[in-house]
Amino acid sequence: MEVSFDALRKIQLQERNYAALVPLEEDFFDAYRNHVEEQRKSLHENFSLDAASAYEGTRKLLSEVVTRRQQKIFLKALRDFHAGTVSGSGLAREEKDLYNSLIKLLGSYGSKLFGSFAAETTIEKPADTLMKVQLLSEVPQFVGITGLIGPFGANQIATLPKEDAKLLVAQGVAQEA
């Protein structure tokens, strides 16, 4: 991954001009935090107006990229939650944490509002690989066999990948619906 002002500027323009999130590598923010820190150290060791301008420009650009991506991640989490498709692909490590927290929060919010008559949750998969279950108790979000699953409220009906549904039934927290 190229770490430079120009590469960051390209990402900023893409984030500004396109609705979709620009795919980033998992260590994107680590790399740019280190880059900005190196600029700061260099500036303290050997001050120049050019170095100060480069440091401030990179810092502001990174801040704008973060702000725009936060907004898009919030919208992505909301869309994905309602569609029943959870995917953090293309997100940096820190962004995946935010995304997963938002999905969990949305599930918890829905469970509190609707309780036992919560809407059915469906994760998009071919029909022959799905199984409908009724949750017998609240189940927090967890990493299942096929990926991130839940959270679910008590008595909620969910259509899940068979592997994950069978796991919940085996653990006694769900029954086949």
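The values are calculated or read from the model by the stated rules, or taken from the named source; none is laboratory data. Computed from a predicted model, the values in this text were never measured in an experiment. We place every Cβ from the backbone using ideal geometry, glycine too, and count neighbours over all the protein chains shown.
Which pairs turn up if I take residues in the range 1-24 that are of a type in the set (Asp, Glu) and look for partners that are at pLDDT 95 or above and surrounded by 14 or more Cβ atoms within 10 Å (Cβ to Cβ) with beta carbon separation below 7 Å, at least 6 apart in sequence or on another chain?
Glu15/Val65; Glu15/Arg68; Glu15/Arg69
Can you name the residue in the range 39-81 that is in a helix (DSSP H, G or I) and of a type in the set (Gly, Ala, Ser) and, of all such residues, is surrounded by the most Cβ atoms within 10 Å (Cβ to Cβ)?
Only one residue fits best here, namely Ala77.
For the range 158-177, what are the residues that are of a type in the set (Asp, Glu) and within 7 Å of Val133 (Cβ to Cβ)?
Passing the criteria: only Glu176.
Give Ala174, Ala118 a once-over and let me know the one that is of a type outside the set (Phe, Trp, Tyr), touching a helix residue (DSSP H, G or I) at 6+ places or on another chain (Cβ under 9 Å), at negative phi and modelled with pLDDT under 75.
Ala118
So Tyr55 fits all but one of (1) touching a Lys or Arg at 6+ places or on another chain (Cβ under 7 Å); (2) under 22 Å from Asn17 (Cα atoms); what number is the exception?
Among (1) touching a Lys or Arg at 6+ places or on another chain (Cβ under 7 Å); (2) under 22 Å from Asn17 (Cα atoms), the lone unmet condition for Tyr55 is (2).
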